[in-house]
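Novice: First, the structure itself, so that you have it in front of you.
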Amino acid sequence: MSFTAEVKDELSRVEGDCEGCGLAELSALMRICGTLTLTGSGRHSIRVSTETGAVARSTIKLTHELLDLETLLTVRRSVLHKARNYLIEIPEQDRLASQLERLQILDPGLKIHPGVPERLLGPACCRAAFVRGAFMAGGFVADPRGDFHLEIAVVGEEFARGLADVLSSLGIQARLNHRRGAFAIYLKSFDDVESMLQVMGAGRSAHTVARVRELKSVKNDVQRRVNAEIANQARQTASALDQRLLVDRVRSTVGLRSLPPALREFCELRERHPGASLAELGSLATPEASKSAMYHRLLRLQAMVDAAEAAEGEREAGEAAEGARKGD
């Protein structure tokens, strides 16, 4: 079962705090995944189609309990996708139009209400129930172990903006994306998705998200530490190689025997321990020296080599000039 299916199954078992919660949830369910048909005689019928058993179960339950309307359920299986499709039909009946007005799907003039059902969304519990129904009807939430996000697909800009405002009133800030004639209410951060799951009543799923986020945080922290250690090791290796090359230059220019004892010891330790850090070399010195002391010895060696190579360069330049004068 996908994580989306798990969340919807949990939500289908949530009971509202009042009768208004059920009406708000059913209004969202019918509005988002229902199709309204108007016949020439001014009568209506509704068809709700979904591939999620939890959505079908909630729609039928709320329709029977709150509206007392006749419903017909057909379960079909797609040969191509091997998935079930639940078709709930609410046929023409005397009380249907008035009940659709009660859900604010229809306005009193029997026109489709374009926005959210404001009359049903007074209490916070009813707004949360409306969001719950909207998610069950058109929502998707990715597995938190991957590229995590949550979205609700709806039709109609006014309805989409109204749904985003309802979320904002519950402390959840969502983005609104326009996609191929439809709109998507979009959340990406762990905090926002976890908050929305809690608001809708999916506490178990919210706990799963929180646990995965904590594990990801630990994993990312470990990875950062490993990366830092690898980078430090790479810098240490490069530095040790540069020091080894400097010792070779010392040997060829100044000579190890002419060095003061501390500097000669540094060169000998570096040759015997080519991969050690300065702190590690200092611990091997006699007497033991600090990392700072070893670094200053390195600077002294560099200065001596630079001076010796500069003097050699001047000498060679002088000899070349003398040779040129004799040639003339």
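Table: residues versus (1) more than 25 Å from ALA54 (Cα to Cα); (2) out of contact with any helix residue (DSSP H, G or I) (no Cβ under 9 Å at 6 or more places or on another chain); (3) loosely packed, with under 14 Cβ neighbours inside 10 Å; (4) of a type in the set (S, T, N, Q).
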| residue | (1), (2), (3), (4) |
| --- | --- |
| ALA83 | no, yes, yes, no |
| GLY122 | yes, no, yes, no |
| CYS125 | no, no, no, no |
| PHE130 | no, no, no, no |
| ALA142 | no, no, no, no |
| ILE152 | no, no, no, no |
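Novice: Search the range 226-252 for residues being modelled with pLDDT of 90 or more and among the β-branched types (Val, Ile, Thr), and hand back the single one that is farthest from the chain's Cα centre (by Cα).
Specialist: VAL250
Novice: Now a separate question. Scanning the range 230-287 for residues that are among the small types (Gly, Ala, Ser) and part of a loop (DSSP other than H, G, I, E, B), which turns out nearest to VAL305 (Cα to Cα)?
Specialist: Going through the range 230-287, the residues among the small types (Gly, Ala, Ser) turn out to be 231, 234, 238-240, 252, 255, 258, 262, 275-277, 279, 282-283, 285.
Now narrow it down to the ones that are part of a loop (DSSP other than H, G, I, E, B): 255, 275-277, 285.
Working: GLY255: 10, GLY275: 22, ALA276: 22, SER277: 21, ALA285: 22 Å.
The selected residue is GLY255.
Novice: Could you grab me the full set of residues in the range 112-164 that are without any contact (Cβ under 8 Å) to a residue 12 or more places away in the chain and under 23 Å from the mean Cα position of the chain (by Cα)? If you could, list the steps in order and put the result at the bottom.
Specialist: Step one: list which residues in the range 112-164 are without any contact (Cβ under 8 Å) to a residue 12 or more places away in the chain, which gives 113, 146-147.
Passing the criteria: GLY146, ASP147.
Novice: Taking the criterion of being exposed (fewer than 15 other Cβ atoms within 10 Å of the Cβ) and more than 30 Å from LEU38 (Cβ to Cβ), would at least one residue in the range 157-167 satisfy it?
Specialist: No: the range 157-167 contains no residue that is exposed (fewer than 15 other Cβ atoms within 10 Å of the Cβ) and more than 30 Å from LEU38 (Cβ to Cβ).
Novice: Identify all residues within the range 140-170 that are part of a helix (DSSP H, G or I) and of a type in the set (A, V, I, L, M); write none if there are none.
Specialist: Initially, the range 140-170 is screened for residues part of a helix (DSSP H, G or I), giving 157-169.
Selection gives ALA160, LEU163, ALA164, VAL166, LEU167.
Novice: Hey, which of the helices (runs of 4 or more DSSP H) in the range 1-111, taking only ones fully inside, have at least 3 residues that are more than 25 Å from GLY156 (Cβ to Cβ)? It would help to see each step written out before you state the result.
Specialist: On the way: elements: 3-11, 19-33, 53-62, 96-102.
Those helices (runs of 4 or more DSSP H) span 3-11, 53-62.
Novice: If CYS18 satisfies all but one of (1) closer than 21 Å to PHE140 by Cα; (2) in contact (Cβ under 8 Å) with a residue 40 or more places away in the chain, what's the number of the condition it fails?
Specialist: So CYS18 meets the others, but not (1).
Novice: May I pose another question? Would you mind stating whether ARG270 is modelled with pLDDT of 90 or more, within 30 Å of PRO144 (Cβ to Cβ) and either more than 46 Å from the chain's Cα centre (by Cα) or surrounded by fewer than 14 Cβ atoms within 10 Å (Cβ to Cβ) (or both)? Show your work before the answer.
Specialist: Numbers: modelled with pLDDT of 90 or more: yes; within 30 Å of PRO144 (Cβ to Cβ): no; either more than 46 Å from the chain's Cα centre (by Cα) or surrounded by fewer than 14 Cβ atoms within 10 Å (Cβ to Cβ) (or both): yes.
Answer is no for this residue.
Novice: Of everything in the range 168-197 that's free of Cβ contacts under 8 Å to residues at least 24 places away in the same chain and of a type in the set (Lys, Arg), which residue is surrounded by the fewest Cβ atoms within 10 Å (Cβ to Cβ)?
Specialist: ARG180
Novice: If I filter the range 90-102 for residues that are in the same structural domain as ALA28 (by TED's automatic domain parsing), modelled with pLDDT of 90 or more, under 18 Å from ALA56 (Cβ atoms) and in contact with a helix residue (DSSP H, G or I) (Cβ under 9 Å, 6 or more places away or on another chain), do I get at least one hit?
Specialist: Looking through the range 90-102, at least one residue is in the same structural domain as ALA28 (by TED's automatic domain parsing), modelled with pLDDT of 90 or more, under 18 Å from ALA56 (Cβ atoms) and in contact with a helix residue (DSSP H, G or I) (Cβ under 9 Å, 6 or more places away or on another chain).
Novice: Output the residues belonging to the range 126-161 that are closer than 16 Å to ILE172 by Cα and touching a Cys at 6+ places or on another chain (Cβ under 7 Å).
Specialist: CYS126, ALA129
Novice: Sticking with this structure for a sec: From the set of residues in the range 112-139 that are aliphatic (A, V, I, L, M) and assigned to a helix (DSSP H, G or I), which is nearest to CYS33 (Cα to Cα)?
Specialist: Taking the range 112-139 first, the residues aliphatic (A, V, I, L, M) are 112, 116, 120-121, 124, 128-129, 131, 134, 136-137.
If we keep only those that are assigned to a helix (DSSP H, G or I) too, we end up with 120, 124, 128-129, 131, 134, 136-137.
Working: LEU120: 19, ALA124: 23, ALA128: 18, ALA129: 16, VAL131: 14, ALA134: 9, MET136: 9, ALA137: 6 Å.
Applying the filter and picking the extreme gives ALA137.
The values are calculated or read from the model by the stated rules, or taken from the named source; none is laboratory data. Just so you know, these numbers come straight off a predicted model, no measurement behind them. Because the Cβ atoms are built from the backbone with ideal geometry, glycine has one as well, and the counts that use them run over all protein chains shown.
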